[in-house]
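Novice: For reference, the structure I am asking about is given below.
The values are calculated or read from the model by the stated rules, or taken from the named source; none is laboratory data. Remember, predicted model here, so these are calculated numbers, not experimental data. So basically every Cβ, Gly included, is an ideal-geometry build from the backbone, and we count neighbours across all protein chains shown. Only protein heavy atoms, including side chains, enter the accessible area calculation; ligands, DNA and RNA are left aside. Shrake-Rupley method; radii C 1.70, N 1.55, O 1.52, S 1.80 Å.
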Amino acid sequence: MQVKRQNLLEEYRENFEEYGHTYASSVLGDTTIVTREPLNIQAVLATQFKDFGLGPRKHKPFSPLLGDGIFTVDGPGWEVSRALLRPQFARSQITQLENLEEHLQTMMECIPNGEGLTWRNRSCNSLKHRLSALRNGENDEETLGPRFTKYFNAAQDHLVTRFFLRDLANLHNPKDFKEAIQFIHNFVDRYVQKALDIQSQSDRKPNSEKPTTEKYVFLEAIAQETQDPVILRDALLNILLAGRDTTASLLGWVFYLLVRHPSVEQKLRATIQEHFGKEGEKPITFESLKNCKYLVWVINETMRMYPTVPINSRVAVVDTVLPLGGGPDQRSPVFVPKGTSVEYMIYAMHRREDIWGPDANWFRPERWGEKRNSKEFNNFEFLPFNAGPRICLGQQFALTEASYTIVRIFQRFKRFENAELNQFVKCNQTLTMAVGGKGVLVRCYGE
Ligand code: HEM
């Protein structure tokens, strides 16, 4: 299987080279429209948003873990979830970088000078990052935290299997999946309960006694909006799923590519030195990170070549039409009957030569300073964070988190070296796409 060989995405890209930018594929009589056409993706995600939904293909496999959270529901349920979460990504929240520094210090201390850093999704304890933000953590958190991570990873693997089984998802429900979910829900429920206790104590205090300058805590903030423990649990787990492996995988690919492109690494190092100096020399802020142009280009180029969510899909909820892909020249509209899945391939779109040029398969951050053929595609040709009403809520947060991490690692380590002998790239495609094989093997040198 291509999934096991870790080159599924290249197989898809080859299909597009053979059949054109939009084609139909049939499995057991079930037809799916597969596209890497920016205008079709724009229709699905934005201009004809109401014609498409996530459909049962996501709710059925994912709901045992994620409940009715933002990733599993459509329509009014999704609107409620989005309205609950959206204010949490306000600028004032995502510009607080102090929390991040604390965890980066811990992480950087774990990297011995001259020895390998293995950057795998799995080794990033983002859970601790999210949940330890809660005040008065439990004493047994140290042992429960890693167990949570183990169960959360295992549960995600089962979700992927369930997703591939489509309508038969419920046939895959093994004992260890049920156990993992039980543990995860119990674990999260304790934090939810604590946040609810804080909320009810705060409700009892008169306004004049309520503290106004306390540190922002995500769960406590949403507990001010709803006191339903299941909604809070679902929200927390959906955000954890959204924010953990995605950002970790982006960072993994950044370092994977940098150690293989020394000239880019040197240029980035010089730029970081110029903008931020040595550790602690100049403040690193949301604005200064955004203004560091070459850093932005490196991140964009990484997400172009290795988008964290390289394949995605929607289901037509009414009979509808996509603008391109029909007729002998594929320039006519395509009829999409109600119930048909449309799979849109971000990875393959990000490598179209008619959009990105003949070097579309090369890592070249400088291209972001050049003009490209975007007008014809309505700026829907670069979509690492999706688009339209369901655009990623955490985009700015993720970019800030990733940029900050890169700057701090560059400041701490003076040289990086590739420690991987295998020259073939492997993509580990589960719910997100991370570097496959043994992960990102990099040696970091302090001097
Ligand atoms: C590099 C990092 C990230 C990437 C590439 C990314 C990408 C995406 C993509 C492609 C979607 C659309 C999924 C779909 O509709 O099928 C999405 C949705 C979402 N993302 Fe992100 N994401 C990242 C980080 C984050 C972070 C850090 C958070 C929050 C802490 C977050 C929160 C969300 C949420 C809540 C949604 C659901 C939006 C909705 O359905 O209305 N993401 N993200």
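Novice: Given a cut-off of under 8 Å on Cα pairs at least six residues apart, what relative contact order in percent is computed for the chain?
Specialist: Computed over the chain, the figure is 28 percent.
Novice: While we're here: If amide H atoms are built 1.01 Å from N in the plane of the peptide, which residues on other chains or at least 5 residues away come under 5 Å of the amide H of S313?
Specialist: Y344
Novice: If I model a spin label at S332 and Q227 as a point 7 Å from the Cα along the Cα→Cβ vector, what separation in nanometres do I get?
Specialist: Label at S332, label at Q227, 6.1 nm between them.
Novice: In Å, what Kirkwood hydrodynamic radius results for the chain from the alpha-carbon pair distances?
Specialist: 23.4 Å
Novice: Can you give me the distance in nm between label points at K293 and A83, each placed 7 Å from the Cα along the Cα-to-Cβ direction?
Specialist: Placing both labels 7 Å along Cα→Cβ, they lie 4.3 nm apart.
Novice: Report ³J(HN,Hα) in whole Hz for each residue of the range 352-362, in order, from the Karplus equation J = 6.51 cos²θ - 1.76 cosθ + 1.60 where θ = phi - 60°; Gly and Pro get x.
Specialist: Once rounded to whole Hz, the list reads 6, 5, 5, 9, 9, x, x, 9, 3, 8, 9.
Novice: Okay, moving on. Please arrange W253, W368, W362, W78 by accessible surface area, largest first, computed with a 1.4 Å probe and ligands excluded.
Specialist: W362, W368, W78, W253
Novice: To continue, here is another question. Quick one: order L39, L324 from most to least accessible surface, probe 1.4 Å. The partial results should precede the final answer.
Specialist: Numbers: L39 45, L324 15 Å².
Sorted by accessible area, descending: L39, L324.
Novice: OK, next. I'd like to know which of N173, F363, N312 lies farthest towards the positive end of the charge dipole of the chain, counting +1 on Cβ of Lys and Arg and -1 on Cβ of Asp and Glu.
Specialist: Value: F363.
Novice: Report, ordered by chain and residue number, the lysines lying within cross-link reach of K267, taken as a straight Cα distance under 18 Å and ignoring same-chain residues fewer than 8 apart.
Specialist: Result set, ordered by chain and number: K278, K290, K293, K414.
Novice: Could I ask something else about it? Evaluate the charge dipole of the chain about its Cα centre and quote only its size in Debye, nearest 20, assuming +1 on the Cβ of each Lys and Arg and -1 on the Cβ of each Asp and Glu.
Specialist: Using only the charged Cβ atoms, the result is roughly 240 debye.
Novice: Still on this structure, please answer the following. Once ligands and nucleic acids are excluded and a 1.4 Å probe is used, how much of E287 is accessible, expressed in Å² to the nearest 10?
Specialist: 80 Å²
Novice: What is the calculated FRET efficiency for E274 to T106, with r their C-beta to C-beta distance and R₀ = 22 Å, to the nearest 0.05?
Specialist: Calculated value: 0.20.
Novice: Using the Cβ atoms and a cut-off under 12 Å, what net charge is assigned to the surroundings of P262, where Lys and Arg are +1 and Asp and Glu are -1?
Specialist: Numbers: positive: R260, K267, R269, R415; negative: E265, E417.
Here the count lands on +2.
Novice: Per-residue accessible area for I181 at 1.4 Å probe radius, Å² rounded to 10?
Specialist: Surface accessible to solvent at I181 totals approximately 20 Å².
Novice: Would you mind checking the radius of gyration and Dmax of the range 342-447 based on alpha-carbon positions, in Å?
Specialist: 16.9, 51
Novice: Can you give me the Cα centroid spacing of the range 225-296 and the range 382-438 in angstrom?
Specialist: Centre-to-centre (Cα) distance: 8 Å.
Novice: Is the shape of the range 259-311 best called rounded, prolate or oblate, per the rule: a/c under 1.5 gives rounded, else a/b larger than b/c gives prolate, else oblate, with a ≥ b ≥ c the square roots of the Cα gyration tensor eigenvalues?
Specialist: Oblate shape, in that a/c is at least 1.5 and b/c is the bigger or equal ratio.
Novice: Can you tally the net charge around I70? Count Lys and Arg as +1, Asp and Glu as -1, for every other residue whose Cβ sits under 12 Å from the Cβ of I70.
Specialist: Residues close to I70 contribute a combined charge of 0.
Novice: Right, another one. Can you check what the Kirkwood hydrodynamic radius comes to for the range 398-447, Cα pairs only, in Å to one decimal?
Specialist: On the way: mean 1/r = 0.0784 Å⁻¹.
Computed over the range 398-447, the radius equals 12.7 Å.
Novice: Also, quick follow-up: I'd like the accessible area for Y445: 1.4 Å probe, protein heavy atoms, all chains in place, Å² to the nearest 10.
Specialist: 50 Å²
Novice: Once each part is reduced to its C-alpha centroid, what is the distance from the range 314-343 to the range 1-78 in angstrom?
Specialist: 13 Å
Novice: Tell me, what is the FRET efficiency for V217 and Q182 to the nearest 0.05, using R0 = 22 angstrom and their Cβ-Cβ distance as r?
Specialist: 0.30
Novice: Then there's this: Keeping every protein chain in place, order E301, E179 by accessible area at 1.4 Å, biggest value first, i.e. largest first.
Specialist: Reading off the accessible areas and sorting them downward yields E179, E301.
Novice: Would you please give the FRET efficiency between D203 and E366, computed as 1/(1 + (r/R0)^6) with r the Cβ-Cβ distance and R0 = 45 Å, to the nearest 0.05?
Specialist: Efficiency computed from Cβ-Cβ geometry: 0.25.
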